[in-house]
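Only one structure is covered here, and it is reproduced in the block below.
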């Protein structure tokens, strides 16, 4: 009888834990990220910054036109692909079709649903059961690390950040 009494506190703690767990008494509610739209809207940029961004975007569009004339720029997504511009041009459609990876801006734009329907069939862009972006039922991946390093090296060279 003495050995049975020794186990009563243990059984009591286990039973209490089971009851509290089954009833979700001490559980923490599910937490999710929320966008504070009011704060985001209230955070307006200074007029000078807006003017500078306008100048940058204008310069990017001019560079896109030049790269397109040279056959060095083809975007698969809406808007200017700034990464493709600053590295001297990328054929994102060719990369997408080849299935060997795409640049970071193309990847993000496809993920955000910004495929350019005038260049690729937007019905070919989807997500699979795991949430991965797919193109023609193949998972879209970003460039390999080595290829990204090559492009970032080009970007630094074109920006004059490297001593040649």
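Provide the FRET efficiency to the nearest 0.05 for the residue 82-residue 138 pair, computing r from the beta carbons and using R0 = 35 Å. Efficiency, rounded to the nearest 0.05: 0.85. Put in line by how crowded their Cβ is, counting other Cβ atoms within 10 Å and starting with the fewest, 90, 50 read 50, 90.
With the simple spin-label model, which puts each label point 7 Å out from Cα in the Cβ direction, the residue 149 to residue 52 separation comes to 3.2 nm.
How would 107, 152 line up from fewest to most surrounding beta-carbon atoms within 10 angstrom?
Placing the least packed residue first, the sequence is 152, 107.
Computed from the Cβ-Cβ distance with R0 of 35 Å, the FRET efficiency linking residue 19 to residue 127 stands at 0.25. In this calculation the C-beta distance from residue 94 to residue 158 is compared with R0 = 22 Å, giving a FRET efficiency of 0.60.
Every number here is computed from the coordinates shown, using simple stated rules; none is lab data. It should be emphasised that the depicted structure is a prediction, and the values quoted were computed from it without experimental measurement. Here Cβ is always computed from backbone atoms with ideal geometry, including for glycine, and neighbour counts include all displayed protein chains.
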